[in-house]
Amino acid sequence: MSRWAKRIWMVGIWAGIGVLIGMQLAGSGHSQNSGGKTVYADQQAVTASSNQPPAPRKSSNHFKVEQEQPKQVAAPDTRSQTPEQILSPQTGKPTVDVFADKTAGLLQDLSQKGIQLVVSLFDSITK
């Protein structure tokens, strides 16, 4: 095997290991907050000043007799629709327009804050 192919294989192996480690860390169910304390995803966050234990977990057992069974809802007929029509949300507004609106709002906020920053700099210089 050539030297170039060996390098490509090594990069692929290291990328795969990095992806697996990232998935393991992301799916472990806990993270550290700014105070360095571990916060678990299935528990309520307890503040540093509070010494109360976390609230007990609620049971997720759906097979209890006293619980109501969920009502069945009729599924819409999707035989005549394309996969794109089935998977896309029925908002009526194209996705491009939604992204354009969000981008325009972000740019508008950014420009307003930039203008406020420049005005505050000149205001502090003139005082």
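No value in this document is a laboratory result; all are computed from the given coordinates. Since the model is a prediction, treat every value here as computed from it, not as a measurement. Glycine gets a Cβ as well: all are built from the backbone with ideal geometry, and neighbour counts include every protein chain shown.
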| request: Compare the peptides 103-110, 120-127 by average per-residue count of other Cβ atoms within 10 angstrom and give them in order, highest first. | output: 103-110, 120-127
| Label SER80 and THR126 with points 7 Å out from Cα along Cα→Cβ: what is the distance between them in nm? | 6.7 nm
| Using 0.36 nm per residue, how much length does the chain from VAL19 to PHE99 gain when fully extended, once their Cα-Cα distance is taken away? | 26.0 nm
